[in-house]
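Since the structure comes first, as structure tokens, the remarks are kept for the end.
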Amino acid sequence: VDQMFHSAHDFIATWEKATLAASSINTELPPAPISQVKLTVETGTDNLKCGGVMISAMKRVDGQDRQVSIPMMISRGLPANSTYVISLNMFPNTEVRDIDKIRFDYIPNKCDLFDTGDTWNIRTLKVAYAVVNDGRVEPGILMHKRGAPAKRLDRGGSWTVYTER
């Protein structure tokens, strides 16, 4: 019974420590040019049957989404519980802070004309970058989403993941 009554206090103490630590973290992304970001996707138990997912980095300008990367396509199926790594090449003069979101477009009817759908259980998505700042290479994480699943994406649907800042 003592542990149960002490748990609220422990939660508040942990929250206070996390808040104090978070206040010292710089959430601003560096104003440095970037040529590519690396996406790591872990699939869940429901796989990507035959591919057909287009991935793009996006920036919001005047209320409109604009691509800041060359779109890449996952054109093959991914086994359940696997890891897939892809690099998105950025357009010239793109800075890390220009990337507002990553968009996944799951193309309909990829397998055949009668393909009525498949879902893609995305367990983890991580987007990493590296920039050169004052002659030093500085790695960073633009976003890291985890869950069970992080997203269940249906064929023909889109998923937009916003950067964490």
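The values are calculated or read from the model by the stated rules, or taken from the named source; none is laboratory data. This is a predicted model, so every value here is computed, not measured. Reconstructed Cβ throughout: ideal geometry from the backbone, glycine too, with neighbour counts over all protein chains shown.
One table, with the values for the structure above:
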| quantity | calculated |
| --- | --- |
| Boolean, Lys101 is touching an Asp or Glu at 6+ places or on another chain (Cβ under 8 Å) and closer than 14 Å to Thr160 by Cα | yes |
| Some residue of the stretch 44-53 being exposed (fewer than 15 other Cβ atoms within 10 Å of the Cβ) and of a type in the set (A, V, I, L, M) | no |
| Matching strands (runs of 3 or more DSSP E) fully within the stretch 46-165 where at least 2 residues are at pLDDT 90 or above and among the hydroxyl-bearing types (Ser, Thr, Tyr) | 83-89 |
